[in-house]
Amino acid sequence: MGANIGNAYLEAFADELLFIVAGPEFGELAGHILIFLKALNGLRSSGLRRAEKIHGVLKDMGYTPSKADQCVWLKKSKDGTRYFYITVYVDNLLIAHDDPASIIKELKEKYNFKIKGDGNLEYHLGCKYILDLDGTLAASPKKYIGKILDSYKSMFGEEPKIFKSPLEKNDHPDLDNTDLVDSNGIQTFMFMIGQLHWTVTLGRFDIMSQVVSLSRFRLAPCLGHIDHAKQVYRYLQKTKHYALRFCTMMPTYNDLPEQNHDWIRSVYGEVTKDIPGNAPEPLGKAVLISTYLDANLAHCMATGRAATAVLHFMNMTPIEWYSKRQATIKTAMYSSEFEAAKTATKQIMYLHHTLWYMGVPIKQQTYMFGDNQSVIKSSTLPHSMLNKRHNILANHPVHEAIAAGILDFYWIDSKVNKSDILSKHWDNASVNHTIKFLFNFQGPIE
């Protein structure tokens with residue numbers, strides 16, 4: 001259930017001395033000094049006072065903030081089999097509870113909050129939540145995409161034409177040598193990039209590689225860069241119905257070979273999972289994390305830097321995506337894939353700690369997939385020998401995570417590597433199967 005607290009500021013007390021001299025409209029109080037007690041919206045410290053007020057209320061209701069994210073609150077159910085959750089974003093609430101109406105009632109009657117928009121979750125922070133034809137919950141940014149397409153029409157005086165891919169395959173905006181735009185063009189380009197970044201945040205990570213490549217030029221774009229950004233809008237015009245489906249089914253990897261190696265005699269010894277001692281007891285259904293990684297050598301032709309792409313799934317739902325140029329220049333795919341594996345491993349560790357601190361049990365180890373066989377062999381064999389220092393340093397986090405049983409690293413064909421759309425500028429034909437898997441949305445239930 002979603003809800004909005006309409007008077008969160010007025011229920012909090014101000015921490016600043018603010019007063020007015022009453023005018024004649026105050027009648028008998030005219031000429032008196034009136035001191036404000038409540039945290040009015042707009043004061044310097046009102047945001048903090050509002051947050052403290054909500055914090056105190058949730059603590060009084062028996063909820064505890066998660067150490068992974070202080071905006072996520074959890075409380076053990078009465079039967080002790082699972083947790084209830086409340087997330088807070090400014091004054092917006094999301095409630096996961098057996099009886100969310102009782103939470104709303106308590107907030108109204110006991111704490112005098114004026115609750116607006118309470119009911120089944122339908123729209124939150126730019127995303128509409130609807131049911132697919134098979135009953136699967138889906139997050140659709142279609143409404144937000146419609147707004148940015150309207151802004152496109154306002155900026156350029158025409159509807160964006162339909163295009164099948166965000167950029168041409170192997171297109172390189174970094175090689176654009178057209179004229180620089182004027183100050184108005186800079187503002188337009190920065191506005192477009194801001195809109196596209198939020199679209200990625202809302203789940204449309206199929207445009208992330210293209211948006212990240214264009215973002216580098218937002219302070220001094222060329223005319224060609226604006227044309228490239230226009231093409232991303234044209235792709236969204238064609239695919240605005242795409243939605244991210246929350247598939248809770250657990251994938252099966254029974255056909256994968258077990259990776260049983262003796263790590264005791266390696267430099268890592270009897271390393272184990274570093275589960276924090278102050279994490280809450282894991283309750284409820286376990287989740288399985290799957291991670292796909294890829295690297296694109298010389299992704300940036302101007303600097304020669306490769307790009308790292310990582311896509312994380314929780315069960316069968318994409319939950320985090322990453323696409324970024326690597327910090328150093330790599331001269332071989334082997335080195336760039338090692339760097340991508342190191343980045344993916346660190347993110348897996350972060351996800352594990354997030355789930356531990358939210359009381360979510362993690363089923364066995366994480367399955368990490370890459371498409372470079374040499375890197376995978378070097379990472380999974382305890383006594384593999386590497387010569388270059390930067391490869392050795394990148395390999396240590398992966399090696400240790402495998403030795404601790406945190407993850408297993410497997411090879412897959414690049415044609416089925418789902419992170420491929422985050423590392424390259426692709427055409428529709430080459431990634432159509434991946435796009436359908438990720439965003440195969442059939443429409444809402446009427």
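The values are calculated or read from the model by the stated rules, or taken from the named source; none is laboratory data. Here the structure is a predicted model, which is why all the values come from computation and not from measurement. So basically every Cβ, Gly included, is an ideal-geometry build from the backbone, and we count neighbours across all protein chains shown. To get the accessible areas, we keep the full protein, side chains included, count just its heavy atoms, and leave off ligands, DNA and RNA. Shrake-Rupley method; radii C 1.70, N 1.55, O 1.52, S 1.80 Å.
Filter the stretch 270-282 for residues that are of a type in the set (A, V, I, L, M) and either assigned to a strand (DSSP E or B) or over 24 Å from the mean Cα position of the chain (by Cα) (or both) and give the result. Break it down stepwise before answering.
Step one: list which residues in the stretch 270-282 are of a type in the set (A, V, I, L, M), which gives 271, 275, 279.
Within the stretch 270-282, just VAL271 meets the criteria.
Please work out which residue is farthest from ILE162 (Cα to Cα), limiting yourself to the stretch 196-226 and to residues that are in a helix (DSSP H, G or I), open to solvent by 40 Å² or more (accessible area, probe 1.4 Å) and without any contact (Cβ under 8 Å) to a residue 40 or more places away in the chain.
THR201
Open to solvent by 10 Å² or more (accessible area, probe 1.4 Å) and over 16 Å from ILE148 (Cβ atoms): is that true of ILE162 in this structure? Lay out the reasoning, then the answer.
Details: open to solvent by 10 Å² or more (accessible area, probe 1.4 Å): yes; over 16 Å from ILE148 (Cβ atoms): no.
Here the answer is no, as ILE162 does not meet what is asked.
May I ask you to list the residues in the stretch 126-141 that are touching a residue at least 40 places away in the same chain (Cβ under 8 Å) and open to solvent by less than 90 Å² (accessible area, probe 1.4 Å)?
Applying the first criterion (touching a residue at least 40 places away in the same chain (Cβ under 8 Å)) to the stretch 126-141 yields 126-127, 130-141.
GLY126, CYS127, ILE130, LEU131, ASP132, GLY135, THR136, LEU137, ALA138, ALA139, SER140, PRO141 - these are the residues of the stretch 126-141 that are touching a residue at least 40 places away in the same chain (Cβ under 8 Å) and open to solvent by less than 90 Å² (accessible area, probe 1.4 Å).
So which strands (runs of 3 or more DSSP E) stay within the stretch 1-112 end to end and still have 3 or more residues that are of a type in the set (D, E, K, R), open to solvent by 60 Å² or more (accessible area, probe 1.4 Å) and touching a Phe, Trp or Tyr at 6+ places or on another chain (Cβ under 9 Å)? Reasoning before the result, please.
Working: elements: 2-5, 19-21, 33-35, 72-76, 83-89, 92-96.
Result: empty, no element qualifies.
From ASP206, ASP174, grab the single residue that is within 17 Å of ALA307 (Cα to Cα) and over 23 Å from the mean Cα position of the chain (by Cα). Steps first, answer last, please.
Working: ASP206 fails: over 23 Å from the mean Cα position of the chain (by Cα).
None of the others qualify; the one that does is ASP174.
Could you identify the single residue in LYS346, LYS342, LYS285, LYS330 that is within 18 Å of THR248 (Cβ to Cβ) and among the charged types (D, E, K, R)?
Details: LYS346 fails: within 18 Å of THR248 (Cβ to Cβ); LYS342 fails: within 18 Å of THR248 (Cβ to Cβ); LYS330 fails: within 18 Å of THR248 (Cβ to Cβ).
From the options LYS346, LYS342, LYS285, LYS330, the qualifying one is LYS285.
Can you name the residue in the stretch 349-391 that is touching a strand residue (DSSP E or B) at 6+ places or on another chain (Cβ under 7 Å) and exposed (fewer than 13 other Cβ atoms within 10 Å of the Cβ) and is also nearest to MET250 (Cα to Cα) among such residues?
Here is the first cut: in the stretch 349-391, the residues touching a strand residue (DSSP E or B) at 6+ places or on another chain (Cβ under 7 Å) are 351-352, 355, 358-360, 362-363, 365-371, 373, 376, 379-380.
Restricting the remaining residues to those that are exposed (fewer than 13 other Cβ atoms within 10 Å of the Cβ) gives 363, 373.
Details: LYS363: 10, GLN373: 26 Å.
Of everything passing the filter in the stretch 349-391, LYS363 is nearest to MET250 (Cα to Cα).
Taking the stretch 318-339 only, how many residues are farther than 16 Å from TYR410 by Cα, of a type outside the set (Asp, Glu) and open to solvent by 30 Å² or more (accessible area, probe 1.4 Å)?
Residues meeting the conditions: 11.
Spot the failing condition for VAL72; the list is (1) in contact with an Asp or Glu (Cβ under 9 Å, 6 or more places away or on another chain); (2) β-branched (Val, Ile, Thr); (3) modelled with pLDDT of 90 or more, and only one is missed.
Only one criterion is unmet by VAL72, namely (1).
Filter the stretch 291-317 down to the residues that are under 14 Å from MET250 (Cα atoms), surrounded by fewer than 21 Cβ atoms within 10 Å (Cβ to Cβ) and among the polar types (S, T, N, Q), then identify the one that is nearest to the chain's Cα centre (by Cα).
THR317
Of all residues in the stretch 392-430, which are surrounded by 18 or more Cβ atoms within 10 Å (Cβ to Cβ) and over 18 Å from GLN259 (Cβ atoms)?
Within the stretch 392-430, ALA394, ASN417, LYS418, SER419, ASP420, ILE421, LEU422, SER423, LYS424, HIS425, TRP426 qualify.
Looking at (1) touching a residue at least 24 places away in the same chain (Cβ under 8 Å); (2) farther than 24 Å from LEU219 by Cβ; (3) not acidic (Asp, Glu), which is the only condition LYS147 fails?
Evaluating LYS147 over (1) touching a residue at least 24 places away in the same chain (Cβ under 8 Å); (2) farther than 24 Å from LEU219 by Cβ; (3) not acidic (Asp, Glu) leaves (1) as the failure.
Kindly check whether there is at least one residue in the stretch 224-231 that is of a type outside the set (Ser, Thr, Tyr), closer than 30 Å to SER378 by Cβ and modelled with pLDDT of 90 or more.
The first filter runs over the stretch 224-231 and keeps only residues of a type outside the set (Ser, Thr, Tyr), leaving 224-231.
Cutting the leftovers down to closer than 30 Å to SER378 by Cβ gives us none.
No, there is no match, as no residue in the stretch 224-231 is of a type outside the set (Ser, Thr, Tyr), closer than 30 Å to SER378 by Cβ and modelled with pLDDT of 90 or more.
Residue check: is ASP150 touching a Cys at 6+ places or on another chain (Cβ under 8 Å) and surrounded by fewer than 17 Cβ atoms within 10 Å (Cβ to Cβ)?
Details: touching a Cys at 6+ places or on another chain (Cβ under 8 Å): no; surrounded by fewer than 17 Cβ atoms within 10 Å (Cβ to Cβ): yes.
No: the conditions fail for ASP150.
Do we find a residue being at pLDDT 85 or above and touching an Asp or Glu at 6+ places or on another chain (Cβ under 8 Å) anywhere in the stretch 256-271?
Yes, the stretch 256-271 contains a residue that is at pLDDT 85 or above and touching an Asp or Glu at 6+ places or on another chain (Cβ under 8 Å).
Of (1) closer than 30 Å to HIS97 by Cα; (2) hydrophobic (A, V, I, L, M, F, W, C); (3) touching a helix residue (DSSP H, G or I) at 6+ places or on another chain (Cβ under 7 Å), LEU48 satisfies all except one. Which?
(3)
Among the residues of the stretch 259-269, is there at least one that is in a helix (DSSP H, G or I) and more than 26 Å from THR354 (Cα to Cα)?
First, the residues of the stretch 259-269 that are in a helix (DSSP H, G or I): none.
No, the stretch 259-269 has no match at all.
Need pairs with beta-carbon distance below 9 Å; first residue over 16 Å from VAL72 (Cβ atoms) and β-branched (Val, Ile, Thr) and within the stretch 342-358, second assigned to a helix (DSSP H, G or I) and open to solvent by 30 Å² or more (accessible area, probe 1.4 Å); sequence gap 6+ or separate chains.
Sorted first by the residue in the stretch 342-358, then by its partner, the pairs are THR345/PRO397; THR345/GLU400.
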